[in-house]
Amino acid sequence: MQALADACPRTVLAFAFVFGAVVGSFLNVVIARVPAGLSIVKPGSRCPRCGAEIAWYDNIPILSWLLLRARCRRCKEPISARYPAVELLTALLALAIVRRWGATPTAVGFFAFAAALIALAYVDLDTWLLPHEITWPLLAVGLASPLWNPELSFRSSILGAVCGFVVFSSITLLGEKVLKRELMGWGDAWLLAGIGAWLGVEALLPVVLLASLQGAAIGGLLLLQRRRHGEGAASSSPGPPEVAPTAEAEQQAPVAGEGVPADGDWTPPAHAVPFGPFLALASWLLWLFGPFSL
């Protein structure tokens with residue numbers, strides 16, 4: 001496979017970009033349906049506004065959204081830029097991975113890791129939840145990742161998973177049992193365990209520190225923005241970029257797309273941001289460009 005990459009790198013890179021965009025289109029389905037407990041297989045893709053089934057020629061990643069001018073062919077209602085954004089992000093990560101590791105099993109494994117993190121990041125932005133349907137498989141596959149990642153030992157992978165879970169679960173228990181408030185969700189603990197399994201125990205501290213700096217910076221900017229806009233703006237809960245709810249989500253929840261867990265009364269503070277996306281971003285940066293890249 002590496003010989004193929006050396007012989008026709010442009011072809012391989014083009015394939016990686018297109019394949020990444022196709023996977024990104026599937027991730028949009030995962031992001032919309034997994035939190036609602038819906039099948040990611042059936043039914044096929046539908047307009048998030050009118051529920052009409054989307055034809056294959058209107059479901060070409062990135063391109064169809066542009067050709068249709070971000071509107072449904074049937075109802076003419078706008079389709080959020082979130083959809084092509086996820087497809088483009090996945091395509092660019094696939095391209096970066098193949099450029100870094102070539103057409104190798106290591107690249108395939110890391111692309112699966114990147115795709116799972118994209119899904120988790122966007123689900124967390126939408127719902128403040130990190131579903132076990134994604135975090136547990138991420139952890140399980142990560143523990144096997146030394147099979148295709150020669151730079152990672154099974155010892156480092158196992159220690160990374162254990163230490164990652166212990167660190168964040170301790171923070172969660174401290175908040176629940178001692179401070180009587182939520183400091184960290186259990187989903188974050190499972191996510192960090194998965195990241196530790198994929199990147200090794202050595203990467204945990206840099207990932208957490210970088211994610212914390214990013215989260216503090218964004219949270220501070222949101223708080224400053226709300227103070228500038230006065231008390232009325234400050235009282236509104238921050239949310240993800242506006243996304244048209246899927247027809248499936250509209251059937252499952254009274255208010256689709258809001259970032260509040262359905263099984264509790266907890267609501268995030270006005271300046272709060274979910275931590276999952278920052279853990280994902282820190283993992284990408286350190287694994288692609290930092291000391292833990294191969």
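Quick note: the coordinates plus some simple rules give every number you see, no bench work behind them. These figures come from a predicted structure and were not determined experimentally. Cβ coordinates were reconstructed from backbone atoms using ideal geometry, including for glycine residues, and neighbour counts include every protein chain displayed.
Going from the fewest other Cβ atoms within 10 Å to the most, the residues Glu133, Glu87 appear in the order Glu133, Glu87. Each label point was placed 7 Å from the Cα along the Cα-to-Cβ direction; for Lys42 and Trp136 their separation is 2.4 nm.
Amide H to amide H, with H built 1.01 Å from N, Arg46 comes under 5 Å of Ile54, counting only residues 5 or more places away or on other chains.
Listed by Cβ neighbour count within 10 Å, with the fewest neighbours leading, Phe165, Phe19 appear as Phe19, Phe165. Each residue of region 198-210 was assigned a 3J(HN,Hα) from its phi angle through the Karplus expression (A = 6.51, B = -1.76, C = 1.60, θ = phi - 60°), giving 7, 9, x, 5, 5, 8, 4, 4, x, 5, 5, 5, 5 Hz with x at Gly and Pro. Under 15 Å from the Cβ of Leu139, count the other residues' Cβ atoms, weight Lys and Arg +1, Asp and Glu -1, and hand me the total. Local charge sum for Leu139: -2. The stretch between Arg228 and Cys163 holds 19.4 nm of extra length on full extension. This uses 0.36 nm per residue minus the Cα-Cα distance.
Taking 0.36 nm per residue of separation and subtracting the Cα-Cα distance, full extension of the segment from Val18 to Leu174 would add 51.6 nm. Modelled this way, with points 7 Å down the Cα-to-C-beta line, the labels at Leu209 and Glu77 are 4.8 nm from one another. Listed by Cβ neighbour count within 10 Å, with the fewest neighbours leading, Cys163, Cys50, Cys72 appear as Cys50, Cys163, Cys72. Counting charges near Lys76 (Lys, Arg +1; Asp, Glu -1) among other residues having Cβ under 12 Å from its Cβ returns a value of +4. The amide H of Arg71, built 1.01 Å from its N in the peptide plane, has Ile79 as neighbours under 5 Å, considering only residues 5 or more places off or on other chains.
For region 42-109, run through the trypsin sites (Lys or Arg not before Pro) and keep only the ones in DSSP coil with at most 12 other Cβ atoms within 10 Å of their Cβ. Mind showing how you got there, number by number?
Working: sites: Arg46, Arg49, Arg69, Arg71, Arg73, Arg74, Lys76, Arg82, Arg99, Arg100; in loops: Arg49, Arg69, Arg73, Arg74, Lys76.
Answer in residue order: Arg69, Lys76.
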